[in-house]
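Contents: one structure, followed by commentary.
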Amino acid sequence: MDVRPLFECEKVETIAAVATPSGRGGVGIVRVSGPLAGQIARATVGHLPVPRAAEYLAFLDTQNRVIDRGIALYFPAPHSFTGEDILELQGHGGPVVMDLLLQQVVGLGARIARPGEFSERAFLNGKLDLVQAEAIADLISCNSEQALRGALQTFHGEFSKQVGALVQRLIELRSYVESAIDFPTDEIDFLDDERVTEKLDRIEKRLASIRQSAQQGALLRDGMQIAIVGQPNAGKSSLINLLARKNLAIVTEIPGTTRDALHEQINIDGLPLHVVDTAGLRESDDVVERHGIARTLDEIQRADHILLVVEERAGFSKATREIARGFPSDTSVTVIRNKIDLFETVSPRFEQGELGSEIYMSAKSGDGLALLQNHLKKCVGYNDGSEGQFMARRRHLTLLEQAAHHLSSGREVLSSTVAGELLAEDLRLAQNSLSEITGEYTPDDLLGDIFSTFCIGK
Ligand SMILES: Nc1nc2c(ncn2[C@@H]2O[C@H](COP(=O)(O)OP(=O)(O)O)[C@@H](O)[C@H]2O)c(=O)[nH]1
Ligand SMILES: [Mg+2]
């Protein structure tokens, strides 16, 4: 990686922040990183603490008054999170204590850290790659155990390892192709050689499989947008209440009850889903209801997946077909044939219908809910408990897609023109896209964007 370690640059500022959440708690931690950490330790606790050993001490201000008593921990460079000297002052977790301690270290020359600046330094000093740094932020903000496990896998380098191995193969192929260019008389023979296509095949296959895992990994993190739509009274609000296991939306037998789009984040075995209940679609003279219907149409455009609720009794009415015509062609749809409890002979089941999958269920009794939940998991290719599932971000998906695009353009060049230079260039671009994932090749302003979304003190 062509990044000069921060601690080798002439003037590195020492940064400080409260690393624990604001508010009151048993323990609060002020973290200091940079060349002044040792000096700040001496001035605050009287001496340089033994590296990596907990010492119970008084924390003093510049007039030698005790601010608090607690544990001081010192991690000299390079064996620390950031790769710089780090001092951690673990005091009592009250806002005044934390404030005074922070003032003390700032008075001694540290400056307040920007959000994510500790992680940024860890990255710049080669302690973590970009994917791993992002995984720490995801680990802190995740909402389910499954997501936590995915973030940990990524933090441990699972995703980086797979991307790194692919980059290695690309480099090998590139050097083979480039050596062909250097001997123009043999170039055609070189490139016609099946080894090139074979290698390219293998790289493309591997990339496809990483993309699939990353897609799942991104769903783990970001979830899927699901819009519940249909005619008034079909049971949409009952369905969101059932999925969320609480009384969110008002349910009445009066058509047109729901006007505002109602958003809820739910979780099926660790898979996060953003579900929105919408106003039923029909012609209406009511001004408020018409606003609601306009919102429904917006939600339909935004959704990754649509649950179209119909009353089993009414079946596929003309009005329902009309609604479905407004769905974007690339959005997947599941038809919920609701209210089967009204028929003794109909039991929950799954079928393939004209619009896609159909689930016969009852939003009122909950019969068939498990069918719907499993179906949604399947739709996103989500397997719970699968080993090796890592977490990924949209940023990674975009870069993987770019890499795939360059590879397929390289393949075209190879089969149509057999021009080594062009193929080599496509391979180079594919490699750059992949390297941007781990941060080996990443523009500075992008780094700023990424780290600024992290929390303070991390
Ligand atoms: N029997 C039965 N009634 C239902 C079912 N789902 C909804 N309902 C009823 O249908 C009416 C409309 O439900 P609601 O959820 O408000 O429908 P929405 O207008 O689509 O949001 C209410 O009286 C519900 O109790 C169901 O599965 N079975
Ligand atoms: Mg409703």
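The values are calculated or read from the model by the stated rules, or taken from the named source; none is laboratory data. Being a predicted model, the structure only gives us computed values, none of them experimental. When we count neighbours, we look across all protein chains shown, and the Cβ atoms used for this are built from the backbone with ideal geometry, even at glycine. Accessible surface is based on the protein model in full, side chains and every heavy atom, while ligands, DNA and RNA are left aside. Shrake-Rupley method; radii C 1.70, N 1.55, O 1.52, S 1.80 Å.
Yes or no: R69 over 30 Å from G164 (Cβ atoms), assigned to a helix (DSSP H, G or I), modelled with pLDDT of 95 or more and open to solvent by 70 Å² or more (accessible area, probe 1.4 Å)? Let's see the steps before the verdict.
On the way: over 30 Å from G164 (Cβ atoms): yes; assigned to a helix (DSSP H, G or I): no; modelled with pLDDT of 95 or more: yes; open to solvent by 70 Å² or more (accessible area, probe 1.4 Å): yes.
In short, no.
From the set of residues in segment 294-304 that are surrounded by fewer than 19 Cβ atoms within 10 Å (Cβ to Cβ) and not polar (S, T, N, Q), which is nearest to ligand 2 (Cβ to nearest atom)?
Going residue by residue through segment 294-304, those that are surrounded by fewer than 19 Cβ atoms within 10 Å (Cβ to Cβ) are 294-295, 297-298, 301-302, 304.
Cutting the leftovers down to not polar (S, T, N, Q) gives us 294-295, 297-298, 302, 304.
Details: A294: 16, R295: 13, L297: 16, D298: 17, R302: 18, D304: 21 Å.
Taking the candidates together, the pick is R295.
So, in segment 253-289, of the ones that are exposed (fewer than 14 other Cβ atoms within 10 Å of the Cβ) and assigned to a helix (DSSP H, G or I), which residue ends up nearest to ligand 2 (Cβ to nearest atom)?
Ranking the qualifying residues of segment 253-289, first place goes to V288.
Return yes or no: is E289 closer than 30 Å to R395 by Cβ and of a type in the set (D, E)?
Working: closer than 30 Å to R395 by Cβ: no; of a type in the set (D, E): yes.
Taking the combined requirement at face value, the residue does not satisfy it.
Take V229 and decide whether it is modelled with pLDDT of 85 or more, of a type outside the set (S, T, Y) and not in a helix (DSSP H, G or I). Give the steps one after another, and end with the answer.
Values: modelled with pLDDT of 85 or more: yes; of a type outside the set (S, T, Y): yes; not in a helix (DSSP H, G or I): yes.
Judged against the criteria, V229 is a match.
What is the residue count in segment 229-248 for residues that are among the hydrophobic types (A, V, I, L, M, F, W, C), within 22 Å of I323 (Cα to Cα) and more than 6 Å from ligand 1 (Cβ to nearest atom)?
Kept after step one, since they are among the hydrophobic types (A, V, I, L, M, F, W, C), are these residues of segment 229-248: 229, 234, 239-240, 242-244, 248.
Right, trim to within 22 Å of I323 (Cα to Cα) and you get 229, 234, 239-240.
In the following step, the residues that additionally are more than 6 Å from ligand 1 (Cβ to nearest atom) were identified as 229, 239-240.
Residues that pass the stated criteria total 3.
Can we say A319 is open to solvent by 20 Å² or more (accessible area, probe 1.4 Å), within 16 Å of ligand 1 (Cβ to nearest atom) and in a helix (DSSP H, G or I)?
Numbers: open to solvent by 20 Å² or more (accessible area, probe 1.4 Å): yes; within 16 Å of ligand 1 (Cβ to nearest atom): yes; in a helix (DSSP H, G or I): yes.
For A319, the condition - open to solvent by 20 Å² or more (accessible area, probe 1.4 Å), within 16 Å of ligand 1 (Cβ to nearest atom) and in a helix (DSSP H, G or I) - is met.
Being out of contact with any Leu (no Cβ under 9 Å at 6 or more places or on another chain), more than 16 Å from ligand 1 (Cβ to nearest atom) and of a type outside the set (F, W, Y) is the requirement here; does R121 meet it?
Values: out of contact with any Leu (no Cβ under 9 Å at 6 or more places or on another chain): no; more than 16 Å from ligand 1 (Cβ to nearest atom): yes; of a type outside the set (F, W, Y): yes.
For R121, the condition - out of contact with any Leu (no Cβ under 9 Å at 6 or more places or on another chain), more than 16 Å from ligand 1 (Cβ to nearest atom) and of a type outside the set (F, W, Y) - is not met.
Check D99, D85 and return the single one that is open to solvent by 30 Å² or more (accessible area, probe 1.4 Å) and touching a Pro at 6+ places or on another chain (Cβ under 6 Å). Reasoning before the result, please.
On the way: D99 fails: touching a Pro at 6+ places or on another chain (Cβ under 6 Å).
That would be D85, the only listed residue that is open to solvent by 30 Å² or more (accessible area, probe 1.4 Å) and touching a Pro at 6+ places or on another chain (Cβ under 6 Å).
Here is a list: L248, L239. Which entry is within 11 Å of ligand 2 (Cβ to nearest atom), surrounded by fewer than 18 Cβ atoms within 10 Å (Cβ to Cβ) and hydrophobic (A, V, I, L, M, F, W, C)? Full working, then the answer.
Working: L239 fails: surrounded by fewer than 18 Cβ atoms within 10 Å (Cβ to Cβ).
Exactly one of L248, L239 is within 11 Å of ligand 2 (Cβ to nearest atom), surrounded by fewer than 18 Cβ atoms within 10 Å (Cβ to Cβ) and hydrophobic (A, V, I, L, M, F, W, C), namely L248.
For V196, only one of the following conditions fails: (1) open to solvent by 80 Å² or more (accessible area, probe 1.4 Å); (2) away from ligand 2 (no atom under 16 Å from the Cβ); (3) assigned to a helix (DSSP H, G or I); (4) over 30 Å from F390 (Cβ atoms). What is its number?
(1)
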